[in-house]
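Report on the following structure.
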Amino acid sequence: METEPCPGEQEKRVVETNEPELNEAYTGPGDKDSQKEKELSHGPQQEDTEPHGGGDPRIECQGGGNAGTTLNTLPITEKTETPCVEERKLKKTPSFAKTVRFSETESVEDRESSEESLFPDHEMVQWISSSFEELFLAEDWEDITDDRLLRKKVLAPGPQKAEHPAWGQEVTVKMQGVLEDRSVVEKDPKLVFVIGEGDVNQALEECAIAMQQDEITLLLADSQYTYGLLGREPDIPAWAPLLYQLQLLNIREKPDPLILPISDRIRIGNQKRERGNFHFQREEYSMAARAYWMALDVLTTRSEDGGSAVLVEGEEVQDYRVKCLNNLAAAQLKLEQYDDALHTSRDVLSLDPQNVKALFRTGKLLSDKSEYGEAMEILKKALKLEPSTKVR
């Protein structure tokens, strides 16, 4: 969220053109992000970051030159706070992964007793003390994938003939995850996600689809199915496998956004946008773009003639849609999809004609296409709106 300069400080504002916006999340009580500033240039990336609860990113933008004009970067600062998490019985680390919820629920801190395991009746030796190497080689575990890097052990099967979820369905899972030293890094008694939409890591999606309703299972996941070579700051190291306990609580069809309360549509769309920011920071630009598209789908609907319209005529909904579009354009630039980025930036301006970031990005892209006349008109408009912006 952009902020005013501190009192007594007159700062030059510069506009970035190809990074996601970092605005205050609409996630309800007890789930706000931390503050971060970052600049990117055409050279090696320079960062000034703070570890942030849940591992989600705070990303800023990269500028570029055009016909006689070079655009610098605009620091975007958020004032946010991270909720405290009480000490757990198991050794814990400071943060837990963010998840997408499709209905209002109380915060994790309110719902769970942090002094107790979510599965007190299933604290067997594999969960408490076995080495991960032993578990990867154990004969009584089932392989979910052919590479034997994603394995499960059923602790309590579901009822006979209980259904399995399918791709595209929404599931509710009770979940806790630990590192090999049994540090708790993920814990949620009601984790809600849609299988196949990337709301959670691949390990959880693959395991959920292999479970029956009410089944309780252990899941051992190699890092390539969780957080890979980058890990997840500050709690999950690079290349760290994870051990989960899971129970599949509920399966249902993905709800139509039109039947959800407006507040839920906004919250879900914004959380998917934040998931996109997480992938963007990890330079997973295709996954970031996919997340931004899904966020936009929550905030739009299709008309009978195949067109697209804003779901709700309201300033707040429009603001979140603009953020998603700006972030999508940033990912498209990273993917060198310049025509798509230009189209997306024009979509921003159709909703917010005075959006300075989209104006500068559009001007830059038009200049790169040698459409200098229109580019200069748009850049002049941006400078008129933001006269303090430094252009060189």
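The values are calculated or read from the model by the stated rules, or taken from the named source; none is laboratory data. In this text, all values refer to a predicted model and were calculated from it rather than measured experimentally. Note that we place each Cβ from the backbone using ideal geometry, even for glycine, and neighbour counts take in every protein chain shown. For accessibility, only protein heavy atoms count, side chains too; no ligands or nucleic acids. Shrake-Rupley method; radii C 1.70, N 1.55, O 1.52, S 1.80 Å.
Miscellaneous remarks
- The residues of segment 245-260 that are open to solvent by 70 Å² or more (accessible area, probe 1.4 Å) and in contact (Cβ under 8 Å) with a residue 60 or more places away in the chain, listed by number, are Arg252, Glu253, Lys254.
- The criterion of at least 2 residues that are within 30 Å of Asp264 (Cα to Cα) is met by the following helices (runs of 4 or more DSSP H) wholly inside segment 320-392: 338-351, 356-368.
For every residue, the table says whether it meets (1) open to solvent by 10 Å² or more (accessible area, probe 1.4 Å); (2) out of contact with any strand residue (DSSP E or B) (no Cβ under 7 Å at 6 or more places or on another chain).
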site	(1), (2)
Gly177	no, no
Gln202	yes, yes
Glu205	yes, yes
Gln213	yes, no
Thr217	no, no
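- If the condition is being of a type in the set (Ser, Thr, Tyr) and out of contact with any strand residue (DSSP E or B) (no Cβ under 9 Å at 6 or more places or on another chain), then segment 235-280 contributes only Ser263.
- Residue match in segment 143-162 (condition: within 30 Å of Ala289 (Cβ to Cβ), charged (D, E, K, R), crowded, with 21+ Cβ neighbours inside 10 Å and in contact with a Phe, Trp or Tyr (Cβ under 7 Å, 6 or more places away or on another chain)): no
- Looking across segment 179-195, the residues that are aliphatic (A, V, I, L, M) and surrounded by 20 or more Cβ atoms within 10 Å (Cβ to Cβ) come down to Val184, Val185, Leu191, Val192, Val194, Ile195.
- Restricting Leu242, Leu328 to those that are within 24 Å of Glu186 (Cβ to Cβ), modelled with pLDDT of 95 or more and open to solvent by less than 70 Å² (accessible area, probe 1.4 Å) reduces the list to Leu242.
- Search result, residues across segment 338-354 that are open to solvent by 20 Å² or more (accessible area, probe 1.4 Å) and in contact (Cβ under 8 Å) with a residue 24 or more places away in the chain: Tyr338, Leu351, Asp352, Gln354
- Residues that are modelled with pLDDT of 95 or more and in contact with a helix residue (DSSP H, G or I) (Cβ under 8 Å, 6 or more places away or on another chain), drawn from segment 338-354: Tyr338, Asp340, Ala341, Leu342, Thr344, Ser345, Arg346, Asp347, Val348, Leu349
- Pair list, Cβ < 6 Å and 6+ apart or interchain, from segment 119-145 residues that are more than 19 Å from Leu179 (Cβ to Cβ) to residues that are open to solvent by 40 Å² or more (accessible area, probe 1.4 Å): Ile144/Glu206
- Count of segment 206-223 residues which are farther than 11 Å from Lys153 by Cα and touching a helix residue (DSSP H, G or I) at 6+ places or on another chain (Cβ under 9 Å): 4
- Subset of segment 280-299 (residues that are open to solvent by 60 Å² or more (accessible area, probe 1.4 Å) and either assigned to a loop (DSSP other than H, G, I, E, B) or aromatic (Phe, Trp, Tyr) (or both)): Glu283, Trp293
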